[in-house]
1. So which residues in region 44-59 are more than 17 Å from GLY80 (Cβ to Cβ) and either in a loop (DSSP other than H, G, I, E, B) or at pLDDT 90 or above (or both), if there are any at all?
2. Kindly list, by first and then second residue, each pair from a residue in region 66-78 that is aliphatic (A, V, I, L, M) to a residue that is in a helix (DSSP H, G or I), limited to pairs with Cβ atoms under 6 Å and residues at least 6 apart or on different chains.
3. I'm trying to understand the selection: among the residues of region 19-43, which are at pLDDT 85 or above and outside any helix (DSSP H, G or I)?
4. Can you confirm whether region 61-68 contains a residue that is exposed (fewer than 13 other Cβ atoms within 10 Å of the Cβ) and either in a loop (DSSP other than H, G, I, E, B) or hydroxyl-bearing (Ser, Thr, Tyr) (or both)?
5. Can you tell me which residue in region 73-102 is modelled with the highest pLDDT, limited to those that are hydroxyl-bearing (Ser, Thr, Tyr) and over 10 Å from the mean Cα position of the chain (by Cα)?
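The values are calculated or read from the model by the stated rules, or taken from the named source; none is laboratory data. Given the structure is predicted, the values throughout are model-derived calculations rather than measurements. Note: ideal-geometry Cβ built from the backbone for every residue, glycine included; neighbour counts use all protein chains shown.
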Amino acid sequence: MLSGLGEHRERVRGVLYLAGVGFDWSSWQAEFHRERLARLSEEEAVRLAALDSMESPGPDEESEWMRLCRGTDYRDRRVGEERVAEMLAAGFAVNHTSNRLLSRGRRVPR
């Protein structure tokens, strides 16, 4: 995936390495999802699953997805919600195709 960034510079605002747990998604995927669910209420978890299953979410659904999904990347949900609001205000959008492929351990097509 990173090799494609140089070929499509017009699509890239920047590259940020998060996590620090390595590139073997299969070794930490289950723990990642367990932790995310632990940070959501039951109602939020149901809604996130519904949003994840949408083929073509609209802007409102995409913003809600980011709030539920990315907001849990921070231990303090209040901080996560503030950061997500900043990302949304800056125009960062979700690339659902890349997310789905990466979650399945597949390469993103060029």
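1. Across region 44-59, the qualifying residues are VAL46, ALA49, ALA50, SER53, MET54, GLU55, SER56, PRO57, GLY58.
2. MET66/VAL84; LEU68/GLU44; LEU68/LEU48
3. ARG39, LEU40, SER41
4. Looking through region 61-68, none of the residues is exposed (fewer than 13 other Cβ atoms within 10 Å of the Cβ) and either in a loop (DSSP other than H, G, I, E, B) or hydroxyl-bearing (Ser, Thr, Tyr) (or both).
5. TYR74
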